[in-house]
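Taking it in order: structure first as structure tokens, then the write-up.
Read-outs: derived from the displayed coordinates by stated rules, not from any lab. Since we're looking at a predicted model, the values are computed, not measured. Here Cβ is always computed from backbone atoms with ideal geometry, including for glycine, and neighbour counts include all displayed protein chains.
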Amino acid sequence: MPQVFHRSANTFSKVSIFGALFALAAVVYGLALINRSSYVTWAGVAREQPVPFSHRHHAGELGIDCRYCHTTVERVASAGVPPTATCMNCHSQIWRMSPTLEPVRASYRDGTSIPWVRVHDLPDFVYFNHSIHVHKGIGCQSCHGRIDEMNLVWQESSLQMEWCLDCHRNPERHVRPRKEIFNMAWKADDQAVLGPALMREYEIERRVDCNVCHR
Amino acid sequence: MSEPGKHTGPAGPTRAPVIQPGHTFGSVTDRISSVVLSERMPRLWWLGLGVGFLLVTVLLVAVTHLFMKGTGIWGVNVPVGWGFAIICFVWWVGIGHAGTLISAILLLLNQDWRTSINRFAEAMTLFAVACAGLYPILHLGRPWLAYWLFPYPNTMGMWPQFRSPLIWDVFAVSTYASVSAMFWYVGLIPDLATLRDRSPSRAGRVIYGMLAMGWRGSARHWHRYETAYLLLAALAAPLVVSVHTVVSFDFAVSVVPGWHATIFPPYFVAGAIFSGFAMVLTLAIPLRVMFGLEDFVTMRHLDNMARVMLATGLVVAYGYMTETFMAWYSANPFETYMIMNRFGGPYSVAYWSLIFCNVLMPQLLWFRRVRANVPLLFVISIVVNIGMWLERYVIVVTSLHRDFLPSSWGMYSGTIWDWATFAGTIGLFLSLLFLFIRFLPMISIFEMRTLVPEAEVREESP
């Protein structure tokens, strides 16, 4: 009886059995990479805005405090997006004729909001409150990165649950003195000593129950 | 153990042989492989596959409707949040147990009568586990996220809740399914090679040839094969007890009266083997007639399976007695109420039916004449299957529907969609089984060959 298969079928079958394992592992690994890539999370992607507002210029070079615009960050859940009136505090005096700022002046004239593009958008099933983080010693920079060095703002972190939990499980790695919250350039001398001490001082707990965020 | 003629002659004065006398290597191979290689299937096969396929269609409709509307189409609601899905899951997983018991434990115990029934009992195991596996996924509500059940490096930074028996279930059932599939496949390899060599069509030779993985039947092949098969059997043997033990933990780890009992693991395992053997009988009796395999699946097999059913049925009956005894002995009012509610509550018909099906009916198997009466055995096996389904129904529903507080009492019954899904999984099971019979040898050819007299190695007399 003639052979059904060529001799090479032996090699082919052995390779395919072992190869299938590696292929499967590669698929799982690839999916894990894609899920964490900026394609999914939008991390690191600078967003076009209706007015090319530069945080680098205002917060970095001019040194305007975060809270001048994001007024409610210490009191309520949302840090707050400033009304056009806040812009006009200065821009009614300086750069009055700049064509770039025309949308701002137009907004001020007709009382319509500037349609800023939201960069950080958590899912609706997540409860997040800025004020508690600020009060417990988490600096703006810890989550938002060096905003003072970004022209157009991008999302610094993945905002995925594993990223939230990374800090909620180990707050001592990120906590800082309250007076340094709005200091973008602050660096701890020795976080390993400072972190646990601040956790005790600010009475920080490792909050990882589901209902801390999913209320 | 190896007295001459043991395989062909009766073990006792009245016991039937495990294979009818007069068979040779060739006749065994011809007889079994002809079912697969023949071009025409008996009319009953078409009927069986037709009914199965029709019910698969019902399953597809039920599942599509479920995905569109959600689990609200089922009868489950507070306080009975677990209904048909868990009842049928446990029922199907239990049915699967006979396959592993026959293939692994009876192999290790050198029980030669397992040979004729192990192949399709293993296939039955796989198909039953496939049906069982559907239920937890359908019950998830968002079945497309079923992969969340597995511990994989997800972006949520979370593992599944390892303290929950439900996640133990995931591991128990998936291990069970994969080990059973491997055992079944390894057992098939020499027979696939036989089919490759005998297949009249080129397509058959190529497909069976690929599946046979280059089996040539050399002495070295056989040596390695026997070792691997025994090792796999040893791996599979603990699964016979572990899987249904873990399934029983779904209930026993809770604090619900009627569930929170230490008797649950052994009682569930015995029930699983009980129902598994009942299902093997339910399938074997028509199949041996349909394909004329009475020479291989003899009265000896039916008799032995009936005995296993009787023994495990008695363990299950002991389980029911223990439940009742503990309800009194615990002096716990909730436990007592639970058992009284089973006896005389709104679901008492289901309870007494299950006692009839699982305790009274199997007592007939004490009589040799009953065990030799094939139609009666068939009826008993079906009654036991129904009884074991009722057992899970009673356990799940009676414990939940009367909660600790009378204000949260309620009634449960399956909706048309519950029944459609259940009927659909029976259809899936039947379809897979009939397709298996069509394309693979339902009895192990090479193991059957070891039972014919030619296989006895005798010393040449000088």
Report, in debye and to the nearest 20, how large the dipole of the protein assembly as shown comes out about its Cα centre when Lys and Arg carry +1 and Asp and Glu carry -1 on their Cβ. 940 debye
Rounded to the nearest 20 debye, dipole of chain B from Cβ charges on Lys, Arg, Asp, Glu: 640 debye
Could you tell me which residue out of B:V384, B:V129, B:A252 lies farthest along the dipole of chain B toward its positive end? Charges go on the beta carbon: Lys and Arg +1, Asp and Glu -1, centred on the Cα centre. B:V129
Neighbouring Cβ atoms within 10 Å as the yardstick, rank B:F183, B:F53 fewest first. B:F53, B:F183
Of A:L165, A:L21, A:L122, the one that fluctuates the most in a GNM where chain A has Cα springs shorter than 10 Å: A:L21
The range A:97-215 - Kirkwood radius from inverse mean 1/r over Cα pairs (Å): 16.7 Å
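Quick check for me: using +1 on Lys/Arg Cβ and -1 on Asp/Glu Cβ, what's the dipole size of the range A:59-215 about its Cα centre, in debye to the nearest 20?
320 debye
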Just to be sure I understand the rule: take each whole DSSP H helix in chain A, project its Cα atoms onto its long axis, keep it if the span is 24 Å or more and its mean Kyte-Doolittle hydropathy is at least 1.0. Which ones pass? A:8-36
Taking only C-alpha pairs under 8 Å that are 6+ residues apart, what is the relative contact order of the range B:70-189 in percent? 27 percent
Residue-averaged 222 nm ellipticity for chain A, from DSSP H runs of 4+ at -39500 (n - 2.57), nearest 500: -11500 deg cm²/dmol
Heads up, the protein assembly as shown by the C-alpha gyration tensor (a ≥ b ≥ c square roots of eigenvalues; a/c under 1.5 rounded, else a/b over b/c prolate, else oblate) looks prolate
Please report the spacing between the Cα centers of the range B:353-378 and the range B:399-432 in Å, no decimals. 27 Å
Over chain B, what is the relative contact order in whole percent, taking alpha-carbon pairs under 8 Å and six or more residues apart? 33 percent
If each of A:I64 and A:E180 carries a label point 7 Å out from its Cα toward its Cβ, how far apart are those two points in nm? 2.7 nm
When the charge dipole of the protein assembly as shown is computed with +1 at the Cβ of Lys and Arg and -1 at the Cβ of Asp and Glu, the Cα pointing farthest to the positive end, of B:P79, A:G145, A:G19, is that of A:G19
The range B:18-24 - phi-based ³J(HN,Hα) in whole Hz, Karplus 6.51/-1.76/1.60, Gly and Pro as x: 7, 8, 4, x, x, 8, 10
Using a simple spin-label model with points 7 Å from Cα along the Cα→Cβ vector, what separation in nm is obtained for A:R146 and B:Q161? 4.4 nm
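Starting with the fewest neighbours, write out A:W95, B:W259, B:W92 ranked by other beta-carbon atoms found within 10 Å of each beta-carbon.
Arranged by neighbour count, lowest to highest, A:W95, B:W259, B:W92 become A:W95, B:W259, B:W92.
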If you fit an axis through the alpha-carbon atoms of helix B:416-439 and take the longest principal axis of the Cα set of chain B, what angle between them do you get, 0 to 90°, nearest 10? 10 degrees
Segment B:T175-B:R198, extension gain: residue separation times 0.36 nm, minus the distance between their alpha carbons: 4.8 nm
Taking GluC sites (Glu not before Pro) in a DSSP loop with at most 11 other Cβ atoms within 10 angstrom as exposed, one finds the longest site-free stretch of chain B at B:40-458
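Are there any GluC sites (Glu not before Pro) in the range A:152-215 that are in a DSSP loop and have at most 13 other Cβ atoms within 10 Å? List them by number.
Sites meeting the loop and neighbour criteria: A:E203, A:E205.
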Separation between Cα centres of the range A:146-204 and the range B:91-159, rounded to whole Å: 48 Å
Förster radius 45 Å - calculated FRET efficiency between A:Q49 and B:L235 (Cβ-Cβ, nearest 0.05): 0.15
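Rounded to the nearest 0.05, what FRET efficiency do A:N170 and A:N211 give with R0 = 22 Å and r taken as the Cβ-Cβ distance? Could you check? Before the final figure, lay out the partial values.
Numbers: r = 20 Å, r/R0 = 0.92.
Approximately 0.60, to the nearest 0.05.
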Förster radius 25 Å - calculated FRET efficiency between A:D124 and B:W148, Cβ distance, rounded to 0.05: 0.80
